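Enquirer: Structure below; questions to follow.
The numbers here are math on the coordinates, done by the rules we state, and not lab data. Since the structure is predicted, the reported quantities are computational estimates derived from the model, not experimental observations. Backbone-built Cβ (ideal geometry, glycine too); neighbour counts: all protein chains shown.
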Amino acid sequence: MKKLYKLTILLLTLTMSTNLIAQTPIPPAIGDGSSGNPYQIATLNNLCWLSQTWTDWDKHYIQTSNIDASTTSGWYGGAGFPPIGDSFTGFFGSYDGQNYTIDGLYINRPSTNFIGLFGRPQSATIQNLGVTNVSISGNIYVGGLMGFCIESSSVSNCYSTGTVSGFNNVGGLVGLLNESDLSNSYSTVSMSGTDNYIGGLVGFCFEISSICNCYSTGSVSGDGDVGGLVGLLTLTSTVNNSYSTGIVSGNECVGGLVGRLLEGSTVNNSFWDTQTSGQSSSAGGTGKTTAEMKTQSTFTDAGWDFVGETTNGTDDYWDMDNTENTNNGYPFLSWQQASMTWDGSSSSDWNTADNWTGSLGVPTSSKNVTIPDVANDPVIDTYTNAVCNKLTLETAATLTVSGNLVVGN
């Protein structure tokens, strides 16, 4: 009996030690948090440190590599990652992901508010960051990237994939957007809410906020104020040049693009797919068939600025692949084409689109490709041709080439 008791204690000690190791907060090795010398977030341990160090939530950060956050599913007894910014203290700083990703972030806090990688950004700047394969659940103000975004915050060139759920104010990227701007961003998150203000990109867009050049493609379900892009849009907030395609379901105030529109808010030059969404109406926007949504003139005629045309400007926010190999033929943000990251979520086949972050297709000669250390290493098998512009193999990553790979122009 004593041996069994000692064995139980030993196993418990080992389990606790492993859990503590997994959650070790390590300060960044480089940077001082100033705008000129931001802290460099290179590892999950650095990210853990940031989540716990609320006294530095007014500092500046850049991410310097892709981060595998899959072990967060075992943190804090299964509660997962603690958000950066909470109900007591907001995140007032800046975070530039530099086009890197945080993959496999897990948060399971169904009775807690302000849930996401960032719980409550406040007068903050978040840009160039992808949170991929997230599994996030919370109560109120829940999003794939951030829960509650307020007071002149700016979010740009960001995206989310995975699953998100909550009670109300739930969005694929942002739960609630208040007096803030969201631009050039997207979400493919499959999401659900049990109450109101549920949106594929933003749950509740409130008080002179703006959403511009954005899209969402994931499924959305809730009770009331449910929209493919935004659940509720109110108090002179705006949506411009954006679209959604995901299936939308709910009981009251359900729209293909916007669930409900109030108090001087407007939706301009924005669309939803009436066929894939299952919704023939919306509180704002214009419904189009799938074929029309995959026709560039639908958008350029509405003033969208696309690569290859100059009538609507030269910023080239949008692009489209008529072969349907990229984003299933729907418009995508031109910055998405600059780089691609392997995630191996479907198989080890290089030429399978679902194995690449964002499912935009397989790399072309113009893409900069990053291969991280993941469970399914990429394989270019015999008789297969593959191309990319620049190839980066991260530490411990493996690429097997039996066929033909051309790197560079």
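Enquirer: For segment 151-246, state which GluC sites (Glu not before Pro) are in a DSSP loop and have at most 14 other beta carbons lying within 10 Å of their beta carbon.
Expert: Those satisfying the criteria are Glu151.
Enquirer: With r as the distance between the Cβ atoms of Asp32 and Leu262 and R0 = 45 Å, compute the FRET efficiency 1/(1 + (r/R0)^6) and round to 0.05.
Expert: About 0.50, to the nearest 0.05.
Enquirer: What residues qualify as long-range amide H neighbours of Val387, i.e. H under 5 Å apart, gap of 5 or more or another chain, H built at 1.01 Å from N?
Expert: Answer set, sorted by chain and number: Val406.
Enquirer: I would also like to ask the following. Can you give me the distance in nm between label points at Ser152 and Asn385, each placed 7 Å from the Cα along the Cα-to-Cβ direction?
Expert: If labels sit at Ser152 and Asn385, their model points lie 5.4 nm apart.
Enquirer: I'd like the FRET efficiency for Gln296 and Asn404, computed as 1/(1 + (r/R0)^6) with the beta carbon distance as r and R0 of 25 Å, rounded to 0.05.
Expert: Given R0 = 25 Å and the Cβ-Cβ separation, E is 0.20.
Enquirer: Can you pull the one-decimal nm distance between simple spin-label points at Asn251 and Glu324, each 7 Å off the Cα toward Cβ?
Expert: 3.7
Enquirer: Using the Karplus equation 6.51 cos²θ - 1.76 cosθ + 1.60 (θ = phi - 60°), what ³J(HN,Hα) coupling, rounded to whole Hz, does each residue of segment 270-286 give in order, writing x for Gly and Pro?
Expert: Working through the residues one at a time gives 10, 9, 9, 8, 5, 7, 6, 7, x, 10, 8, 9, 7, 5, x, x, 10 Hz.
Enquirer: Once the Cβ-Cβ distance between Ser210 and Ser346 is put in as r, and R0 is 45 Å, what FRET efficiency do you end up with, to the nearest 0.05?
Expert: 0.80
Enquirer: Net charge around Val239, counting only other residues with Cβ within less than 15 Å of its Cβ (Lys, Arg = +1; Asp, Glu = -1)?
Expert: -3
Enquirer: Within segment 34-52, list the residues whose amide N lies under 18 Å from a label point set 7 Å along Cα→Cβ of Asn368.
Expert: 41-42
Enquirer: Show which aspartates and glutamates lie in cross-link reach of Lys294 when reach means a straight Cα distance below 14 angstrom and same-chain residues fewer than eight apart are skipped.
Expert: Correct list for Lys294: Asp273, Asp319, Asp321, Glu324.
Enquirer: Compute the Cα gyration tensor for the chain, then decide on rounded, prolate or oblate, letting a ≥ b ≥ c be the square roots of its eigenvalues: rounded whenever a/c is under 1.5, prolate when a/b is larger than b/c in the other cases, and oblate in all that remain.
Expert: Note, shape of the chain comes out oblate.
Enquirer: So what's the back-of-envelope 222 nm ellipticity for the chain, counting only DSSP H runs of four-plus at -39500 (n - 2.57) apiece and dividing by all residues, rounded to 500?
Expert: The helix contribution divided over the chain gives -3000 deg cm²/dmol.
Enquirer: Could I ask something else about it? Using only the Cα atoms of segment 170-246, what do you get for the radius of gyration and for Dmax, in Å?
Expert: 10.6, 29
Enquirer: Quick one: compute the contact order of the chain, relative version, from alpha carbon pairs under 8 angstrom and 6+ residues apart, as a percent.
Expert: Across the chain, relative contact order equals 6 percent.
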